[in-house]
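Take a look at the structure below.
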Amino acid sequence: MALANIAINLASVGSNFPSSIDKLKNSSIKAQINLRVSRNSLVKTVQSSSVESDTGKWARKRRPQNVDGDFFVDHTCIDCDTCRWMAPQVFTRVGEMSVVYKQPTSSEDRLKALQALLSCPTSSIRTKVPPPDILEAQETFPIPVDEKKLPGVYHCGYHSEKSYGAASYLIIHPGGNILIDSPRFTEKLAKEIETMGGVRYLFLTHKDDVADHAKWATRFSCDRILHSEDVEICTADVEMKLEGNGPWSLGDDIMLVHAPGHTEGTVCLLYKPLKILFTGDHLMMTESGLSIAEMYNKYSVPKQVDSVQKLIQFDFDWIIPVQRCSGEEHHSRSFCPGKV
């Protein structure tokens, strides 16, 4: 099983990608003004109708918008979109949260639903009864993005609430495997990655999506890479701090490209053999096409537009972002775990 829908083939975007720069420029000034006014109020909160039980604990409530059946989404959903692109046959968006609109009817749809359940950053996907095949679903991670077109590239699953559900990827590389952004740490996933050769580098695209970076670094004794402009207290001990404007190289076939805008230290990874650009939050795919999600910019919208222009000069056919958004619900998130 593969997750080809997360990799964006530029052939499907066509000529709209370069020509959309002008549209981004025209909207960037207005967006920058709005950003100054509202950036402190953009942190998304879950408006729940939870009820305190007799034990004093907050009970999770099944959202009434779910169809009847085993799988359901509870009221703690943070609308990160993970389940909707991992298992679109089962999950959709209603009322700014995910719901189950169709119970899985095939073994393939059930597996995808279980993979989404395991990847949900807030454990908001539930089942009425414990799934007997959950261990089999765990063993499918990391999941190939596209075994034929993008061999050796995997989606790690196990998204972290600390990164608002951002996806993490693994590149199998002869010079040492590269983990791109941090998934939620779980020993089960770590053991699977260990069987694939472990991790040599943990590349952090920007300060939003560092999640459990320290646990992964300890587990694999890998070198973490982050631009110095995005280093904060929680990442002060990263082993490799990029300085200046780059670009930088990891061997002969991997280039790190500074793309300031979303954050001051955002860096994209270009994997030359497969012509893949891993963009972090710099670019993402929405229903209307590629977007910089300027309303959630944390540094400079004009600089982000300039960075998109800079990226066009590089040779790539695929974009893999940390998010795919089915609507305009992309996130605003604190940078360090526990920091608001």
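If a residue must be of a type in the set (D, E, K, R) and assigned to a helix (DSSP H, G or I), how many such residues does region 56-105 contain?
Matching residues across region 56-105 total 1.
Could you check K207 against (1) of a type in the set (D, E, K, R); (2) modelled with pLDDT of 95 or more; (3) more than 20 Å from K272 (Cβ to Cβ) and say which number it fails?
So K207 meets the others, but not (2).
Restricting attention to region 168-198, and to residues there that are of a type in the set (G, A, S) and more than 17 Å from A214 (Cα to Cα), which single residue is least open to solvent (accessible area, probe 1.4 Å)?
Restricting to residues being of a type in the set (G, A, S) and more than 17 Å from A214 (Cα to Cα), the top hit is G176.
What is the residue count in region 213-267 for residues that are in a helix (DSSP H, G or I), charged (D, E, K, R) and open to solvent by 40 Å² or more (accessible area, probe 1.4 Å)?
3
Look at region 88-111 and say how many of its residues are under 18 Å from the mean Cα position of the chain (by Cα), surrounded by 24 or more Cβ atoms within 10 Å (Cβ to Cβ) and of a type outside the set (S, T, N, Q).
Of the residues in region 88-111, 1 are under 18 Å from the mean Cα position of the chain (by Cα), surrounded by 24 or more Cβ atoms within 10 Å (Cβ to Cβ) and of a type outside the set (S, T, N, Q).
How many residues does region 199-212 hold that are open to solvent by 10 Å² or more (accessible area, probe 1.4 Å) and assigned to a helix (DSSP H, G or I)?
1
Output the residues belonging to region 126-163 that are β-branched (V, I, T), in a loop (DSSP other than H, G, I, E, B) and closer than 26 Å to W318 by Cα.
If the condition is that a residue be β-branched (V, I, T), in a loop (DSSP other than H, G, I, E, B) and closer than 26 Å to W318 by Cα, then T140 is the only one that fits.
Of everything in region 177-200, what is more than 15 Å from V153 (Cβ to Cβ) and in contact with a strand residue (DSSP E or B) (Cβ under 8 Å, 6 or more places away or on another chain)? Give them in sequence order.
S182, R200
Just wondering, is there one or more residues in region 280-303 that are part of a helix (DSSP H, G or I), at pLDDT 85 or above and under 17 Å from P260 (Cβ atoms)?
Within region 280-303 (the criterion being part of a helix (DSSP H, G or I), at pLDDT 85 or above and under 17 Å from P260 (Cβ atoms)), the answer is no, since none of the residues qualifies.
Could you please find all residues in region 67-122 being touching a helix residue (DSSP H, G or I) at 6+ places or on another chain (Cβ under 8 Å), touching a residue at least 40 places away in the same chain (Cβ under 8 Å), polar (S, T, N, Q) and within 17 Å of E161 (Cβ to Cβ)?
Selection gives T82, S119, T122.
The values are calculated or read from the model by the stated rules, or taken from the named source; none is laboratory data. Not measured: the values here are computed from a predicted model. Backbone-built Cβ (ideal geometry, glycine too); neighbour counts: all protein chains shown. Keep in mind that these areas ignore ligands, DNA and RNA; they rest on the heavy atoms of the full protein, side chains included. Shrake-Rupley method; radii C 1.70, N 1.55, O 1.52, S 1.80 Å.
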